[in-house]
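Take a look at the structure below.
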Amino acid sequence: MSAETADRVRRRTEALAAEGIDVVRVAYPDMLGSERGRDILLHHLPHAVGHGLAFSRAVYHTGARGDHSYIPGGLEAGMPDILVRPDLTTLVALPWEPGVAGCIGDVRDPATGLPVPESPRDLLRQVIGLLIDGDLTAVVGPELEYVLLDPDPAAPGGWRRYAPAPGHVYTTGRKGDPDGHLLRTVRALHALGLDVSGGNREFDSGQFEINLSHCEALDAADRAFRFKAAIKELAHAEGRLATFMAKPFNDGGGSGFHLHLSLVDAEGRNVFDAPRGAHGLSATARHALAGVLAHAPALSALLNPTVNSYKRFGPDTTAPWLINWGLDNRNALVRIPPERGGATRLEVRLGDATANPYLAIAGVLAAAHLGIAAAEEPPAPMTGQGHDMGTAAALPTGLGQALDALEADDRLIDVLGKPFVAAFLTFKRDELARFQRYVTDWEFREYAGIT
Ligand code: GLU
Ligand code: MG
């Protein structure tokens, strides 16, 4: 750390102390997209920035329930360190945790000083770099849905939906949100600096959607990552569970993670806009759209990364069903919202809310980049409900198929890098294998009595 940086960090530390902060929570995303990190006492911050906080690299190889995957650089290498340095540009007081400020950490391999391939934030940076080479900046608006649950020992799994009455889509107020969850939450997220624009009840029972304003892609991923962590943390503080599961209940719909994407040039002009182009779209917009569609099967591994994800897809679900696009049509995998000019954008509706925001955005940008580089053209837009399987290819029907599609997509792998894709495939195939060995309640219900 230079003398100048050391001085800046010392002054920042003093300013935080003056604000009553005595702990800094340093968080970074794992491959699942969940927060890993450490709470450090404020006096340790200069050391953390200078040296980094040590964690085992095996953190990236650890599943949601602690299962371990054998990925190079982890267990068999002796679980060596990664070093995590607080990114002070992301530091903000946590509104729900007095005296604590949170920030995102940047991960380095101490042996090389370089990022490790599993680091999702660095993967996204790498993909953004390709677009910037072409002088384009990606602008992303993340839209996340989740279901809020109350504890209920009598319910399967121990949780029941908060405010479960149906029919509250787009409602505000106490009728669909009796204890004001949404108001408390949007205020807390605003205080966290997430640039939330608003929120409302979604279609399903107990389901909410909160919108984040659009911004540069890395910033958008950081905010989506912090959003998910904050929603979960706020729910835990109330003894609740907020789930981003793709489809948490058989009798309900899924939770999406829609990504609104546009590209702007060095002058800040939206390059998707072309008032004289077909549908008001430029050639760049068409190529980016074609890239997303061409790589959709592989992308689903990143945007629909769980066994459960594939149960969200279907006709008449408002989640995608076929690999298609439409003009202001919510049945399509890519919807082109009606606005043009500076707001011309693709709404990629493929992702579900379990997706790691960094990997989802990196995947979509990589596919758009490939479509632009190869000047790919999309098929004709779909219209209506888009049920007809004769009109477009279907999405993978399960995680295994999606992982195979990713493994087979050489062009996407060239952009994302072989080491990352190999680590991701091993990690996810282990998850799938655990599921395949597990006896589910469906099997018992279906087979125990009759067979
Ligand atoms: N819940 C739907 C999904 O899983 C999206 C609903 C909407 O259009 O906002 O993608
Ligand atoms: Mg929605």
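Rule-based calculations on the coordinates, nothing more; no lab input. Remember, predicted model here, so these are calculated numbers, not experimental data. Using ideal geometry, Cβ is built from the backbone for each residue, glycine included, and neighbour counts are taken over all protein chains shown.
Normalising by the residue count of the chain, find the relative contact order in percent from Cα pairs under 8 Å and 6+ residues apart. The partial results should precede the final answer.
Numbers: 902 pairs, mean separation 66.0, N = 451.
This gives 15 percent for the chain.
Could you compute the FRET efficiency for TYR447 and GLU407, with r as their C-beta to C-beta distance and R0 at 35 Å, rounded to 0.05?
Details: r = 33 Å, r/R0 = 0.93.
Efficiency, from the Cβ-Cβ distance: 0.60.
Find the eigenvalues of the gyration tensor of the Cα atoms of the chain, then list the square roots of 5 times those eigenvalues as equivalent ellipsoid semi-axes, largest first, in whole angstrom. Mind dumping the intermediate values first?
Details: eigenvalues 211, 156, 120 Å².
Rounded to whole Å, the semi-axes are 32, 28, 24.
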Exercise. Straight distance only, please: which lysines reach the Cα of LYS418 with their own Cα at less than 27 Å, same-chain residues fewer than 8 apart left out?
Key: LYS428
Quiz item: Can you put THR391, THR317 in order, fewest other beta carbons within 10 Å first?
Solution: THR391, THR317
Quiz item: At what distance in angstrom do the alpha carbon centres of region 108-155 and region 277-346 lie from each other?
Solution: 19
Quiz prompt | Fraction of antiparallel bridges per DSSP, the chain only, in percent to nearest 5 | solution = 85
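Please report the antiparallel percentage of DSSP beta bridges with both residues in region 204-347, rounded to the nearest 5. Write out the running numbers ahead of the final one.
On the way: 5 of 8 bridges.
The antiparallel fraction comes to roughly 60 percent.
Is it possible to state the helix-based mean residue ellipticity at 222 nm for the chain, with each DSSP H run of 4+ residues giving -39500 (n - 2.57), the sum divided by total residues, to the nearest 500 deg cm²/dmol? What is it?
Working: 12 runs with 150 residues, N = 451.
The per-residue figure over the chain is -10500 deg cm²/dmol.
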Exercise. Apply the Karplus parameterisation 6.51 cos²θ - 1.76 cosθ + 1.60, with θ equal to phi minus 60°, to every residue of region 281-289 and state each ³J(HN,Hα) to the nearest whole Hz, in sequence, with x for glycine and proline.
Key: 10, 7, 4, 4, 4, 5, 5, 4, 4
Quiz item: Using θ = phi - 60° and the Karplus form 6.51 cos²θ - 1.76 cosθ + 1.60, what ³J(HN,Hα) does each residue of region 180-190 get, whole Hz, x for Gly and Pro?
Solution: x, 3, 5, 4, 4, 6, 5, 5, 5, 5, 5
Quiz prompt | Nonlocal amide H pairs with LEU281, under 5 Å, H built at 1.01 Å | solution = ALA274
Practice problem: May I ask you to evaluate 6.51 cos²θ - 1.76 cosθ + 1.60, the Karplus curve with θ = phi - 60°, for each residue of region 359-372 and list the ³J(HN,Hα) values in order in whole Hz, giving x for glycine and proline? | Solution: 6, 5, 5, 4, x, 5, 5, 4, 5, 5, 4, 5, x, 5
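Please sort 155-167, 276-288 by packing, taking for each peptide the average over its residues of neighbouring beta carbons within 10 angstrom, highest first.
276-288, 155-167
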Self-check item: For ARG65, ARG57, ARG8, order by how many other beta-carbon atoms lie within 10 Å, fewest first
Solution: ARG65, ARG8, ARG57
